[in-house]
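Read the structure below first, then the notes.
Here, each number is a calculation from the coordinates, and none is a lab measurement. Worth saying up front: this structure is predicted, and the values here are computed from it rather than measured. Neighbour counts are summed over all protein chains in view; Cβ atoms, including those assigned to glycine, are modelled from backbone coordinates with ideal geometry.
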Amino acid sequence: MTKPLSCVLITGSAGLIGTHLAEHYLKQDYQVIGLDNYITGSTINTNYLAEKYPDQFQFIEHDVSRSWPTINAEDVKFIFHLASPASVKSFQKYPLETMWSNSTGLQNALDFSNNNTQKKKPRVIFASTSEIYGSPLSSPQKETDWGHANSFGERSCYDESNRFGESWIYSTNKIYSTPHGLVRIFNTYGPRMNILDDRVPNTFILNALNNKDLEVYGDGQQTRSFCYIDDLINGLVRYADSNLAEPINLGNDTEIKVLDLAHKIIKMIDSKSKIVSKKLPQDDPPQRRPDLTLAKKYLNYSPNVSLDEGLSKMTNWLKTSVI
């Protein structure tokens with residue numbers, strides 16, 4: 001076996017993004033070390049990687065917000081800090097854990113980099129979120145937008161802890177002249193995601209396949225921009241390989257109303273499902289659409305998977321893995 005090129009450490013490796021990112025680097029002959037405490041991640045994802053790449057993938061079950069165990073790794077190139085509940089259902093269920101992960105957990109990742117004995121310290125990439133924009137004052141959302149978020153509400157544990165994480169990256173780089181960076185991830189979906197966390201695409205598809213009602217909040221006129229996992233991983237890898245430390249939006253800039261998405265999925269599946277309205281939750285953002293100008297300029301990034309194609313792939317995965 002060819003000696004691996006280098007090593008990548010991924011927190012939140014059992015989640016949607018973490019498992020796909022890990023497999024990307026494993027296919028490139030990297031060693032990958034994954035950390036996860038399974039608060040929202042899946043043992044199925046870990047087992048898949050461990051069985052397919054037994055000589056390259058190492059997993060440590062651990063809460064990243066607590067002191068990290070001794071990790072024996074040489075030539076660590078990147079540390080991706082993805083560990084955090086990210087769906088509304090999960091971060092409202094685990095608000096304190098969400099805040100710890102995006103603060104102390106991030107600090108532990110930065111400390112691991114700083115204390116690494118290799119000459120070139122690992123670069124930390126923090127997975128921030130489009131939620132830092134809150135209820136946007138303009139569209140599409142640009143990286144220069146400061147956001148309009150409620151710091152004392154149901155979503156504040158996620159919104160504000162990610163804003164804090166971004167500030168931590170900025171201040172660390174300023175004080176220590178480090179090369180760490182961050183990306184702002186917009187709504188991402190795809191195979192291996194947690195089907196129980198009420199994310200819109202998988203929940204709509206799963207209910208449509210079972211001819212159950214599709215629940216839309218309010219009048220469903222709020223918009224989202226859904227990015228298929230392959231496109232997100234492409235952008236994340238490109239950002240890591242760059243010299244950028246500034247935040248960059250990653251996602252798909254095709255915008256759709258939630259109500260229109262529900263109709264699209266029902267038609268695509270030829271489902272007997274009906275659309276019902278539920279009370280609009282507190283601080284539910286009315287619009288999400290990333291401005292990808294900087295990603296295109298500096299990363300040559302452009303999403304390639306259309307919404308129709310991505311929904312079809314997601315449907316096929318749900319049919320074979322869940323139904």
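Rg and Dmax over the alpha-carbon atoms of the chain stand at 19.1, 61 Å. Each other residue within a Cβ distance under 13 Å of S151 adds +1 if Lys or Arg and -1 if Asp or Glu, for a net charge of -3. Dipole magnitude for region 198-323: about 340 debye, using +1 per Lys or Arg Cβ and -1 per Asp or Glu Cβ, origin at the Cα centre.
Considering the chain as a Gaussian network with a 10 Å cut-off on Cα pairs, which listed residue, N249, N108, N47, attains the greatest mean-square fluctuation? Result: N47 has the largest fluctuation of those listed. If you take all other residues with their beta carbon under 14 Å from the beta carbon of G190, and give Lys and Arg +1 and Asp and Glu -1, the sum is -2. Assuming charge only on the beta carbon of Lys and Arg (+1) and of Asp and Glu (-1), the dipole of the chain about its Cα centre is about 280 debye to the nearest 20. Taking the inverse of the mean reciprocal distance over all distinct Cα pairs, the Kirkwood hydrodynamic radius of region 1-141 comes to 15.7 Å.
Helix-only arithmetic for the chain: the sum of -39500 (n - 2.57) across DSSP H runs with n ≥ 4, divided by the residue total, places the mean residue ellipticity at 222 nm at -11500 deg cm²/dmol.
Partner aspartates and glutamates whose Cα lies under 16 Å from the Cα of K274, excluding those fewer than 8 positions away in the same chain, are identified as D213, E215, D219, D260.
Within a Cβ distance under 11 Å of R199, other residues only, what is the Lys/Arg minus Asp/Glu net charge?
0
Before anything else, pin down the relative contact order of the chain: Cα pairs under 8 Å, at least 6 apart, normalised by residue count, whole percent. Write out the running numbers ahead of the final one.
On the way: 633 pairs, mean separation 55.7, N = 323.
Once divided by the residue count of the chain, the mean separation gives 17 percent.
The magnitude of the dipole of region 101-260, with charges of +1 and -1 set on the Cβ of Lys/Arg and Asp/Glu and taken from the Cα centre, is near 780 debye. Applying 1/(1 + (r/R0)^6) with r as the Cβ-Cβ distance of S277 and T117 and R0 = 41 angstrom yields a FRET efficiency of 0.10.
Note that region 89-197 shows a convex hull volume over its alpha carbon atoms of 134 Å³ per residue.
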